[in-house]
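Have a look at the structure below before the remarks.
Read-outs: derived from the displayed coordinates by stated rules, not from any lab. Not measured: the values here are computed from a predicted model. Backbone-built Cβ (ideal geometry, glycine too); neighbour counts: all protein chains shown.
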Amino acid sequence: MALLEIRNLSLEFQTRGGILHALENVSFEVQRGETIGLVGESGSGKSVLSYAILGLSDGAARITQGSARFDGVDLLGAPERHLADLRGREASMIFQNPRAALNPIRKIGQQLEDVLERHTTTLRAKRKEKAIACLAEMKIPDPERRYHAYPFELSGGLCQRVMIALALACSPKLLIADEPTTGLDVTTQAAIMALIAEKARSTRMSTLLITHDLALARAYCDRIAVMHAGQIVEIAPTEKLFTQASHPYTEQLIGATPVGRARLSELIAVPGSLPDLRRSDLPSCRFSERCNRRRAVCKMALPSGADGAHEVRCHNPLRPESAALDALAARST
Amino acid sequence: MAVTTFWGQARATARENPFTLVAAAMFAGFLLIAIIGPWIVPFEPLASNAAQALTPPNAQHWFGTDSLGRDIYSRVVVATRVDLSIALSAVAFSFVVGGFLGAIAGFWGGRIEQTVMRLCDMVMSFPLFVLAMGIVAALGNSVFNIILATAIVNLPFYVRVARTEVNVRREAGFVEAARLSGNSDWRILLHHLIPNALPPMMVQVSLNMGWAILNAAGLSFIGLGVSPPQAEWGILVAEGASYIISGEWWVALFPGAVLMLAVFTFNFLGDGLRDLTDPRRRT
Amino acid sequence: MIGLIARRVLGALPNLLGIIAITFLLTRALPGDPAAFYAGPAGTQEAVEEVREKLGLNRSLPEQFWIYVKDLGSGNLGQSLSTGQAVIQELRMRLPASLELVFLALALAISIAIPLGVMAARHPNSWIDHLCRLVTTAGVSLPTFFTGLLLTYVFYFLLGWAPSPIGRLDPFLTPPSAITGIYTIDSLLHGDIVLFRACAAQLCLPVLTLTVFVLAPLARMTRGSMMAVLSADFVRTARASGLASPTILVRYALRNALLPVVTTVGMVFSFLLGMSVIVEKVFAWPGVGSFALDALVASDYAPVQGFVLTMALLYTLLNLGIDILYVVIDPRVQLTK
């Protein structure tokens, strides 16, 4: 059984300007110990999905269909206090803009202790020790002194380490990392990702890495799910995605990403822009209006994707054989 | 569909905040009463009639009569003009002088700015009503002096707004352009910067009017400024204050209620104007 | 920390100087002959000359200022013509009465406004949010004298719940011998419960009147600040860490949200001091405000100047206290040195 199972999840926001259809029929799984990337343009719904999983959605959000199960437990129907028990202990989340994500007038050591107090039975006397140990585990130099620091006294990279420490303090089974390295310099990025990867390795923690940086996803993820305008368009093992991308959007996304020594002129921008999700006449495939492989059949409801390691939701995929072969393989085992 | 015209935005704001529309209507109403009030009142505001003293509200005297038999409704209506003109004069004075001082401070900075802001700080280190009392006490008890006192205690708000607006725009492109085409500093200030600083100051004006009316009425209530038998809301309430404990509530409470409505109107109008010009600051 | 506090104290000194300068100007701005004003309408020519000599009114302006400052330093605020007492004596005697009103109203307003604002922020568009918005907009429009009279009419005349608005104490009762000067505290200290209740009853309406006025800005600021904080990133992190609701509310949201409220208290105090004059008039409360008003009516100017000075000093002291409090509760203040 997968650690996290999302099935046909649809979510909408009630806004002043109408209903915003933020997520449509999202389905994917995260197995124990695997790192899965969730990639897509800004506004594709990656963060909305992650908030919905943990029950952190904005008050205006309504889940219209679907299910989300964590370790067998239904997340969407669970009462808030069960979810609160889960968060921080079984499933944690880290955010971008780490300094703003920490309480500005509370010492970071105390913020760590708040989490320990909530989820563990560590005695008060021992909590400070444990907090300092968490900081040390995140390779924060001079953790005894840093315990007393306020977020504004720390650099962005250090703040991110503190936030990861908060998230990993209770060794959760799932870590959702929402753009954890955006805004950090490349060296710090690598260090942060190394910390996460190390923890994942040592505790068999699953990671859901949300990013718009394909190169980052390629370097750290076992599988990647591609999102567009609230829909998951393709899920595949990492290398397969980059070498045998099946969805037109995926191919274009890869083409737009600078890799290695690609020249700027060689990059191709994905044409058009995300459709307005407030429209009531959204096509069933939300990429169809930007797609150069659009056909009449694309107006029909999307297939839910073949079962197997490589799923594509498209009526006119680039490599139908690839997906079909996988399905065949899956059925024969 | 984006609403970009001023009237379009005004309509949208009115829809979201119906109180603003009501406030605008009430503002128009008060203005009308202030202008034509003295001609439409049923009774002569100063005419006393001892036989009719302290009668409760009835068909003839809508707000009842006071201790001298004067019709309270007529007095309240006539007082509208007095209160509004006092408040308007005070605010106009603050607006012009404060705006000018603030603009100079914001434009030239340095010593001038420091001096002006220091003066403002000095005024603001007093509780404003107390300072107004002190000024009126020092200069003498007259209507002009309560206008002056209200204006002085209000100055710092306008100075600050004007200074900020001019400061922010001082280095703006159109100022550079004006300078390059040979305009003198004064011309730039008067023709370009000050007009641009006006909208936020206008919002301040509406919000301030409510406070200015309260201030003027408060000063009159304690005996400064307008003196009886002239009709002014604060005085009317003061005249009725001693009758509350014997149950003749209408003498004080009708003028007070109308005063409250007037302040309410300006406050709502000010809030609406502020929403119109800066949607980020909606309360 | 001490350094920051010291800096705040030093920063208040120019304000102090400004206050003294302005009150000096006010005393000398009297139309006509200031000496005649201080000598009073009944002053003989000799008395006027005496006053002129004492105040140094025939000297140069800087010299006059120096005499003024010296007088202030030695506690000489002049003589009240109507009571014959030194102004500073009168002020000292009456100050507890005014402070009692002002601080009680402040405490009451804070204890209502903050919960109201917090709840309104947590439950937007609920009935409590609408109540909060009503209080906020109506509160600033209510003239203090109107509120006071309305409350008197309803609670004294109609319902008979409140005692008659004739001051601090029923004239048939004797006030407690002064320890602090505040009747309620003193009567408690003397163990006289009956007297305490009588004094407390007299306080109700005037304090309520003042409270209504300052409730609005406090509630508005609390609500706005709380709403901003509740949607802040760090509160989202706290929720994502599974922290319990009360913990998030108090340790994360409230402490951050109250910072701007603390500064609002300073502003609100200015209104309180100003409106206390009106409340003292409506309820015949023998505080410094009514002292100044009586003097004003009698063309007795020294008490008025003393009153203005006292209020300004009180205001400056409170703002200083708030500044210092802010330094203590917000660790980021060290950043903006």
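Of note:
- Label zone of residue C:93 (point 7 Å out along Cα→Cβ, amide N under 19 Å): in region C:57-76 this covers C:75-76.
- At an R0 of 45 angstrom, the distance between the Cβ atoms of residue C:159 and residue C:180 translates into a FRET efficiency of 0.90.
- The Cα trace of chain A gives Rg and Dmax of 20.7, 68 Å, the first to one decimal, the second as a whole number.
- Within straight-line reach of residue A:107, meaning a Cα separation under 14 Å, sit the following aspartates and glutamates at least 8 residues removed in sequence or on another chain: A:144, A:153, C:330.
- Out of every Cα-Cα pair that region C:2-73 contains, those further apart than 16 angstrom amount to 58 percent.
- Applying both filters, DSSP loop and at most 15 other Cβ atoms within 10 Å, to the GluC sites (Glu not before Pro) of region B:124-196 gives B:171.
- Likely footprinting exposure, A:234, A:137, fewest C-beta neighbours within 10 Å first: A:137, A:234
- When the Gaussian network model of chain B links Cα atoms closer than 10 Å, the mean-square fluctuations of B:172, B:238, B:149 top out at B:172.
- 11 Å beta-carbon shell around residue A:116, net charge (K/R +1, D/E -1): +3
- In the elastic network of chain C, a GNM with C-alpha springs shorter than 10 Å, the most mobile of C:168, C:220, C:28 is C:28.
- Kirkwood Rh in Å, taken over all unlike Cα pairs in chain C: 22.8 Å
- Relative contact order of chain B, defined on C-alpha pairs under 8 angstrom at six or more residues apart (%): 23 percent
- Out of every Cα-Cα pair that the protein assembly as shown contains, those further apart than 56 angstrom amount to 30 percent.
- Cross-link reach list, aspartates and glutamates versus residue A:139, counting only Cα pairs under 14 Å and skipping chain neighbours closer than eight places: A:198
- Legend: ranking of residues A:207, A:122 from fewest to most surrounding C-beta atoms inside 10 Å; resulting order A:122, A:207.
- Considering only C:189, B:264, B:253, the residue lying farthest towards the positive end of the dipole of the protein assembly as shown is B:264, judged by Cα position with unit charges set on Cβ.
- Residue A:293-residue A:215 FRET efficiency (beta carbon distance; Förster radius 22 Å; 0.05 resolution): 0.30
- Integer Hz, Karplus 6.51/-1.76/1.60 couplings in order for region C:115-130, x for Gly and Pro: x, 4, x, 5, 5, 4, 6, 6, 10, x, 6, 8, 5, 6, 5, 5
- Counting, for every residue in C:249-257, the Cβ atoms of other protein chains within 10 Å of its Cβ and taking the mean gives 2.
- Cα-based radius of gyration of region B:153-283 once divided by 2.2 N^0.38 Å, which approximates compact folds: 1.52
- The phi-based Karplus calculation (6.51 cos²θ - 1.76 cosθ + 1.60; θ = phi - 60°) puts the 3J(HN,Hα) values of region B:183-200 at 6, 6, 3, 4, 4, 4, 4, 6, 8, 10, 6, 4, x, 6, 7, 5, x, x Hz, whole numbers, x for Gly and Pro.
- Estimated from the Cβ-Cβ distance and a Förster radius of 30 angstrom, the FRET efficiency linking residue A:58 and residue A:301 is about 0.60.
- Whole-Hz couplings from phi, Karplus 6.51/-1.76/1.60, listed for region B:236-252; x for Gly and Pro: 4, 5, 4, 5, x, 4, 6, 9, 4, 5, 9, x, 8, 6, 5, 5, 9
- Residues of region A:1-34 falling in the label zone of residue A:73, defined by backbone nitrogen less than 13 Å from a point 7 Å along Cα to beta-carbon, are A:4.
- Bridgeable lysines around residue A:240 (alpha carbons under 25 Å apart, same-chain partners fewer than 8 residues away excluded): A:46.
- Legend: ranking of residues B:271, A:58 from fewest to most surrounding C-beta atoms inside 10 Å; resulting order A:58, B:271.
- Only Cα pairs under 8 Å and 6+ residues apart enter the sum, and on that basis the relative contact order of region B:116-198 stands at 26 percent.
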